[in-house]
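Here the structure is laid out as structure tokens; the discussion comes afterwards.
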Amino acid sequence: MPIGLFALALGGFGIGLTEFGIVGLLPEVAADTGVSESVAGFLVSGYALSVAFGAVALSAAVIRMDRKKVLVGLMLLFILGNLISAVAPGYGILLAGRIVAALCHGAFFGIGAVVAADMVGQSRQGGAIALMFGGLTLSNVLGVPFGTLLGQQLGWRATFWVITALGVVTMIGIQALVPSAPAPQDTHLQRELAAFRRPQVWVSLAVSTLAFAAVIGPFTYVAFTLTDETGFATSALPWLLVLFGVGTFIGNYVGGRAADHNLDRTLMTALAVLTVVLGVFALLVDSKPAAVVLLLLMGTVGLSAAPGLQVRIMVYAPDAPTVASGANIAAFNIGNAIGAWIGGLTIAAGLGLASPLWVGAALAVGGVGALLVGAALPREATAAPAAPAEDAPSALARQSESAG
């Protein structure tokens, strides 16, 4: 794999740490800023909504710019947002910093996925995208537990100082290692927006929304669930989050490989198994041994769909890679916000800190239903002439033939 992919993966690591690093620190942040559990959850859902806005708006705004320069600029925005969070005197400024940092998230992964696909041969694009997203999953294995431990020992602001420094290193790495990636001369926003006339594109966005809502909703409140419902000590949270992170790393790798062979079957299997895992977790939440195993499985199954979800929209919108990829990242994060929001509602309604697990299971069932709708629709990958090879790799189009 080209070394530039590792610079993109490092960016994914930093962004993943920003997005999910707050989860293990929500109890400390809530106590320090004097807000409730459900209000603290807005630091996750608010971030996700900002990601969704940035994914579409920024991707559209920079559609004709050199993609490498765009990625460097997005990392500058990332650094600024995390710096604001690091110096935040209270909840409001912290939320503002989260929103600023989140603006770069969707466009980075959307544009980064296109750049990653262009950097490798046509038969390795699923693996290249999985490698870039591997930074995101690795942040769950190492970054989030480390950030939680650091925040518990030195205060939650210390975690954001580390993330800020990581952003600087990432920006330098992209500048040095990622090749120039000019946008094709015939790239036009109106042309890319035409891809959204295709039903399969909307199916892809719906599945992405429901899949991420199903896993991130429960994960948002997992620190409260494991301490208040399962009975683990707060000091055990970093090591428990390692289990979830290990699962996401395994799931991302396996899911990326599987998606290269049979796309929709991989997604269907992942969501069906996730439904079972979340339901069993909710039933056995009082058991520490069961919680340990199910937390690992939740990460493995939940994130195994991520590479396939990104590939799927590129299959059905090969002539609109930038905006379609950005829209899919937006869908991921709209799902994050929906899952966290509904989970917060069930907790506020007095249904218990395990209730987000049941919400996640229901959302996963919805994802299966959306895939079934997609299976009944026409399978054509394009509704317009394909873009040049660098933007609409034939390998992606070939995958659509085996998507069912």
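The values are calculated or read from the model by the stated rules, or taken from the named source; none is laboratory data. Since we're looking at a predicted model, the values are computed, not measured. We place every Cβ from the backbone using ideal geometry, glycine too, and count neighbours over all the protein chains shown. Accessible surface areas use protein heavy atoms only, side chains included; no ligands, DNA or RNA. Shrake-Rupley method; radii C 1.70, N 1.55, O 1.52, S 1.80 Å.
Looking at the stretch 1-26 only, could you name the residues that are crowded, with 19+ Cβ neighbours inside 10 Å and over 20 Å from Val141 (Cα atoms)?
Gly4, the sole residue that qualifies.
Step by step: first the residues of the stretch 309-323, then only those that are touching a Ser or Thr at 6+ places or on another chain (Cβ under 9 Å) and not in a helix (DSSP H, G or I), then the one that is surrounded by the most Cβ atoms within 10 Å (Cβ to Cβ). Which residue is that?
Narrowing the stretch 309-323 to residues touching a Ser or Thr at 6+ places or on another chain (Cβ under 9 Å): 309-310, 312-319, 322-323.
Among the residues that remain, those that are also not in a helix (DSSP H, G or I) are: 317-319.
Numbers: Ala317: 30, Pro318: 24, Asp319: 21.
Checking each candidate, the answer is Ala317.
Would you mind finding the one in Gly90, Gly46, Gly34, Gly16 that is at positive phi and not polar (S, T, N, Q)? Walk me through how you get there before you give the answer.
Numbers: Gly90 fails: at positive phi; Gly46 fails: at positive phi; Gly16 fails: at positive phi.
Going through Gly90, Gly46, Gly34, Gly16 in turn, the sole match is Gly34.
Would you please name the residue that is modelled with the highest pLDDT, looking only at residues in the stretch 161-184 that are in contact with a Lys or Arg (Cβ under 9 Å, 6 or more places away or on another chain) and open to solvent by 60 Å² or more (accessible area, probe 1.4 Å)?
Gln175
Any residue in the stretch 196-208 that is free of Cβ contacts under 8 Å to residues at least 24 places away in the same chain and either surrounded by 17 or more Cβ atoms within 10 Å (Cβ to Cβ) or closer than 24 Å to Ala306 by Cα (or both)? Talk me through it step by step, then tell me what you get.
Of the stretch 196-208, the ones free of Cβ contacts under 8 Å to residues at least 24 places away in the same chain are 202.
Checking which are either surrounded by 17 or more Cβ atoms within 10 Å (Cβ to Cβ) or closer than 24 Å to Ala306 by Cα (or both) leaves us with 202.
Within the stretch 196-208 (the criterion being free of Cβ contacts under 8 Å to residues at least 24 places away in the same chain and either surrounded by 17 or more Cβ atoms within 10 Å (Cβ to Cβ) or closer than 24 Å to Ala306 by Cα (or both)), the answer is yes, since at least one residue qualifies.
Just need a number here: residues in the stretch 255-277 that are at pLDDT below 85 and either open to solvent by 10 Å² or more (accessible area, probe 1.4 Å) or outside any helix (DSSP H, G or I) (or both).
The total comes to 6.
Of all residues in the stretch 35-79, which are at pLDDT below 80, open to solvent by less than 40 Å² (accessible area, probe 1.4 Å), of a type in the set (A, V, I, L, M, F, W, C) and part of a loop (DSSP other than H, G, I, E, B)?
The answer is Val62, Ile63.
Considering only residues that are part of a helix (DSSP H, G or I) and of a type in the set (S, T, N, Q), which ones fall in the stretch 278-308? Let's see the steps before the verdict.
Looking only at the stretch 278-308, we keep the residues that are part of a helix (DSSP H, G or I), and these are 278-283, 288-304, 306-308.
Listed by number, the residues that qualify are Thr300, Ser304.
Considering Ala158, Ala101, which residue is of a type in the set (A, V, I, L, M), open to solvent by less than 10 Å² (accessible area, probe 1.4 Å) and either in contact with a Gly (Cβ under 9 Å, 6 or more places away or on another chain) or at pLDDT below 80 (or both)? Working first, answer last.
On the way: Ala158 fails: open to solvent by less than 10 Å² (accessible area, probe 1.4 Å).
None of the other options fit; the residue is Ala101.
Among the numbered conditions (1) in a helix (DSSP H, G or I); (2) open to solvent by 40 Å² or more (accessible area, probe 1.4 Å); (3) modelled with pLDDT of 85 or more; (4) not aromatic (Phe, Trp, Tyr), tell me where Asn82 comes up short.
(2)
Filtering the stretch 346-361 down to residues that are open to solvent by 30 Å² or more (accessible area, probe 1.4 Å) and in contact (Cβ under 8 Å) with a residue 60 or more places away in the chain, which residue is nearest to Phe224 (Cα to Cα)?
Here is the first cut: in the stretch 346-361, the residues open to solvent by 30 Å² or more (accessible area, probe 1.4 Å) are 347-351, 358.
Pick out the ones that are also in contact (Cβ under 8 Å) with a residue 60 or more places away in the chain and you get 347-348, 358.
Numbers: Ile347: 11, Ala348: 13, Trp358: 15 Å.
Within the stretch 346-361, the match that is nearest to Phe224 (Cα to Cα) is Ile347.
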